[in-house]
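Notes to accompany the following structure.
Read-outs throughout are calculated quantities, based only on the coordinates presented, and are distinct from any laboratory measurement. Just so it is clear, the structure is predicted and the values come from calculations on it, not from any experiment. Here Cβ is always computed from backbone atoms with ideal geometry, including for glycine, and neighbour counts include all displayed protein chains.
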Amino acid sequence: MAPTTSQPPEELAEKIVDIDVSEEMRGSFLEYAYSVIYQRALPDARDGLKPVQRRIIYQMSEMALRPDRAHVKCARVVGEVMGKLHPHGDSAIYDALVRMSQSFAMRVPLIDGHGNFGSLGGDDAPAAMRYTESRLTSAAQLMAASIDEDVVDFQPNYDGQETEPGVLPAAFPNLLVNGASGIAVGMATNMAPHNLGEVIAAARHLITHPGASLEELMEYVPGPDLPTGGTIVGLDGIRDAYARGRGTFRTRATVSIEKVSPRRTGLVVTELPYNVGPEKVVSRIKELVQAKKLQGISDLKDLTDRSQGLRLVIELKNGFNPEAVLEELYRLTPMEETFGINNVALVDGQPQTLGLRDLLQVYVDHRLDVVRRRCHYRRGKREERLHLVAGLLIALLNIDEVIALIRESEDSAQARQRLMDTFELSDTQARYILDTPLRRLTKYDRLELETERDRLNKEIAELTAILESDSKLRKVVSKELAAVAKEYATPRRTVLMEDSGVTRSAAVPLEMGDDPCHVLLSSSGLLGRSKGAEVPRMYEGLRTRHDAIAVSLPTTTRGEVALVTDHGRLIRLPTLEVPEIPDANDDAPPISSGLPVSDFVDLGEDEHVISLVSLASDTPGIVVGTRAGVVKRLSADYPQNKDEFEIIALRDDDRLVGATQLVTGEEDLIFVTSEAQLLRFSSTAVRAQGRAAGGVSGVRLGENAHAVWFGAVPMPEDSVVVTIAGNSEALPGTQAGSAKVTPVDAFPVKGRATGGIRCHRFLKGEDTLLFAWVGRTPARASRADGGPVRLPETDERRDGSGEALPRAIAAVGTAKTDTGMAALATGS
């Protein structure tokens, strides 16, 4: 059988249409551009929302996800929005939902998120939507308030099965408050957030004064108020943006200069520019430090957490000006960023660039229209109800006739028609009467209906007055905005600052100069650094009022000093690490009070700092004395590669009781022993030795005696010897003892290694010197708590007895300071 051929049906026949490629691309591109501009990237100027944001808020409102309800999975919200309203993918919906929940991105968040919704600057991505939960905030409820009262137009969704609002009622100016950003085709928008209270104040002013100028409105809205705070530098760009819709301004991080450790100053960052995260700043700083493009930074810590918020601690090296380093950070890192304002939004379906006044006007017009439509709707509802109430009252007034009429009717249709004809009722009234239960037809219900009728008439009259008067309508809108501001307004976070045009880094050097100064050691063991080359005249104390200066050592800011301990160690200390303190007559508050020496060096068990010495090579060196009466002189030839080293080989349990810096090399040295013997001899009698040497005999001691003090005489004609006697068997600090103050000139110079001269005659019950001190007058004594103890008057007798003390003395020093030949004296 021969095969048969048949022609395909006409609808299946091949059809080829010739289309010009350029025309097809032009049409497709225009359709794509239209979709992006109107359905994705640009917000509506009325409610400040993009379509996806509007759909999320509307759908969550329909799902009754109110603030008083529990959170629900974000995946459920995304599914509802995507299935009913949004024709695009779930990632776009979830990204929009996440942003509306971020307090660092939105000035007034619209979504209350529960879970990980990302971090500042996008350093950490939010968790997947199956792990997070959300609900509307109270502010988001305001955006959709009264939406069921015919206040906005609804339109079909993407498949025509649902409807969605073309715009939300927006009870506050969301576009200005929360800002917006988006990239469309051939245009983009980037709007800064503002303070809710300020924007509402400006909107209310525009409602009351429709002809208000931009300058008047800027009195209420001086500039953006960013969610992350910070400082806006330069307001000219803001004025341009408010006038023309485009402008730029610079935002700076909020930084304070603090003591981050006892020996270090740091920059503490608590606020960053908008959309800048801490990880971005940290990585940039590390990159600059490694490339040696940024100097002065020793450490960087990110201490940000949920309890205290953002906290970046940038530790600075000693010798660098914090202000200058901060200016470099502003210049080289994202701690200062430029924000470009581009106020592009949809107005009547057309993208327009709007200034501040235009944005407020569009919102005010929208809000007036919303309230007008709401009043129309509410008046209509009340008129409908009043119509029913009036019919029911007619039935109550003629209740017997109504009941008889209904009983005589064949069916409900006949009863309805007879009611309409007899009492001149409308069809709606007649139906309502027939549907009303008999229990409602009582005398009490009649009174209720009459009260309701009066109330409805009053409300209808009020609504009619609002609709017929533009001024009353504006008052209603203004009053509602005032209520929103009272409920949700918060203080401004961003500081506005005019740009002076002066670059501070050009005036402030990065590194501090090598200026003269003095390092001070107090009798209570506090270290501080004074200013200036002059010897400080009076320092009432580094921390407590009655503290006294034991050592004042001249040096320079970028120099070094050394601490000498009673274990025979010399420890280097950069001068810059010592906190600076003000002069006693300086009216400015102190940058820092003195700090304990234990904050600067690690001391061993039962080890104490006894003096400060210079490391300068052009000095005659230092002299030390031990408890066993040994004296040793060291030349100023110190090893440069060691931060600490021993300066004497101590024997057995011996330890240093004093160390002093020689200035001329010909000073007199003094030993004071527990037997109340004082030996004064010339330093020229002690030859210099190496660091490993054990010294030579300084004073001859009796059996069971020891040296209690050693040092140099600063100025014999202006120096005294203070000796404190007591009982050797008493517990330390429990006895007051007796004190004696004697001029140094009363004691002649003797030879080294001799027994010396008696300097204190013991009273009854006393058998030893507790401690002694030699220094310039006036001498100061203090208790262990820093309080003062009065010393007796100077006694010219070198072997006289002391005067009983009212309180036990813990330390002795001087109120005057010299070139550094004093030494610390503390009680045992």
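Structure notes:
- Three-way shape label, the range 516-826, alpha-carbon gyration tensor, a/c 1.5: oblate
- The helix-only estimate of mean residue ellipticity at 222 nm for the chain, built from DSSP H runs of length n ≥ 4 each weighted as -39500 (n - 2.57), is -9000 deg cm²/dmol after division by the residue total.
- Cα centroid of the range 677-727 to Cα centroid of the range 757-772, whole Å: 17 Å
- C-alpha long axis of helix 399-408 to longest principal axis of the chain, angle in °: 50 degrees
- On Cα atoms only, tilt of 74-84 relative to the major axis of the chain in degrees: 30 degrees
- In degrees, nearest ten, helix 21-36 long axis to first principal axis of the chain (Cα): 70 degrees
- Dipole axis of the range 254-334 (+1 Lys, Arg; -1 Asp, Glu on Cβ), positive-most option in VAL276, ALA324, VAL289: VAL289
- Charge dipole of the chain (Cα centre as origin; +1 on each Lys and Arg Cβ, -1 on each Asp and Glu Cβ, all else neutral): 1920 debye, rounded to the nearest 20.
- Cα-based shape type of the range 254-334, given that a ≥ b ≥ c are square roots of the gyration tensor eigenvalues and the cut on a/c is 1.5: oblate
- Taking a ≥ b ≥ c as the square roots of the eigenvalues of the Cα gyration tensor, the range 639-694 is classed as oblate, since a/c reaches at least 1.5 and a/b does not exceed b/c.
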